[in-house]
1. Hey, rough spin-label estimate for residue 89 and residue 266, points 7 angstrom out along Cα→Cβ, what's it come to in nanometres?
2. Roughly what would the spin-label model give for residue 198 and residue 295, points 7 Å off Cα along C-beta, in nm?
3. Quick one: which residues, 5 or more positions from residue 164 or on another chain, have an amide H under 5 Å from its amide H? H modelled 1.01 Å from N in the peptide plane, none for Pro or chain starts.
4. How much FRET efficiency would the formula 1/(1 + (r/R0)^6) give for residue 185 and residue 118, where r is the Cβ-Cβ distance and R0 is 25 Å, rounded to 0.05?
5. Taking only DSSP H segments of four or more residues, each worth -39500 (n - 2.57), what value at 222 nm results for the chain once the sum is divided by all its residues, to the nearest 500 deg cm²/dmol?
6. Using modelled backbone amide H atoms (1.01 Å from N, in-plane), which distant-in-sequence or interchain residues come within less than 5 Å of residue 301's amide H?
7. With a Förster radius of 25 Å, plug the Cβ-Cβ distance of residue 14 and residue 140 into 1/(1 + (r/R0)^6) and report the FRET value to the nearest 0.05.
8. Points 7 angstrom from Cα along the Cβ direction at residue 308 and residue 340: gap in nanometres?
Amino acid sequence: MIVWINGAFGAGKTTTARELIELIPNSALFDPEVIGAGLTHLLPPKRLAEVGDFQDLPIWRRLVIDTAAAMLAELGGILVVPMTLLRQDYRDEIFGGLAARRIAVRHVLLAPAETILRERIAGREVPPDLPDEETRVRQRAYDHIEPYRSALASWLTADAYPIDTGALTPYETALRVAEAVSGGTVPVCDIVQTPEPTAETLAAGVLLFDEQDRVLLVDPTYKAGWEFPGGVVEPGEAPARAGMREVAEETGICLDDVPRLLVVDWEPPAPPRYGGLRFLFDGGRLDSAEAGRLRLPGSELRDWCFATEEEAADLLPPVRYERLRRALRARERGAALYLEAGIPVG
């Protein structure tokens, strides 16, 4: 199990984590900051200069998942992870990757008042030999207050168990966390556990449209980016039937007719991903009453929307958007397309 301690800079995550591992038997500390420090030796300076934060590097997020899983496999017990996570898509990617490895995550938020955060940042001591570096670190902490405020207002408090640490010492905070975790007050994150593939996969998605011809998209809790209703085809299952099953499971909508094929897209392997065949089917148009009956499984999907092709470009990852774009053209022409990496072939 992982106890993920979240919070803004100045919330006391690291000092609390150090106290916490003394209170929780068979626990160990994993600070993902060491991954960022290691990347300075692994990646070319040009690549590092392209991002403002280590978290923006896909390799950082992947290594955090892999390292946490490896540490638990080696040590067992409980891993305490103090790390700020303010972007919901990064939370989805990291927590979803851990869930895929059957690793439970209990998410705790250290949440002192903003005035206290600012006081703590301003009160940081400046080493006389490193005044410029300390100034940069302090400014970086100030720069994270606005994203933290935005995350609080949108998703963070709904996802994590908050503890007001404004009047608490790190030890008192650790006691609160330990009691909340052991007593079950901090629930395990409700997230689907989709095992990572070990070979190429076959997946089927279904495009559903509203009365304005906008396409239905869903927002998974376990990976970054929006998606079409659908999922992996089970052994011995027909792709179209798999798409119908997934639509029913994910939206509560039961399709009466087998949907029409729009595209077959071969997704090439891009290590560590295996790729495979991706089918997209036309599930037809939903009237307003049917759209009003949409029901999502909370552990798997958090939201849905109908989007125009232009709006979908901002929601879907590039590979999925290209697949959608080709599928919409096939729908207009009434002829299915075969794609390789999103490009029509033949």
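1. Result for the modelled spin labels: 2.9 nm.
2. Spacing of the two 7 Å Cα→Cβ label points: 3.5 nm.
3. The list, which skips near neighbours in sequence, is 111.
4. Details: r = 29 Å, r/R0 = 1.15.
Calculated transfer efficiency: 0.30.
5. Working: 14 runs with 147 residues, N = 346.
Rounded to the nearest 500, the figure is -12500 deg cm²/dmol.
6. It is 221, by chain and number.
7. Working: r = 15 Å, r/R0 = 0.61.
FRET efficiency, residue 14 to residue 140: 0.95.
8. Placing both labels 7 Å along Cα→Cβ, they lie 3.5 nm apart.
Computed from the coordinates by the stated procedures, all read-outs in this text should not be read as laboratory data. All figures in this text were calculated on a predicted structure; none of them were measured in a lab. Note that each Cβ is placed from the backbone with ideal geometry, even for glycine, and that neighbours are counted across all protein chains shown.
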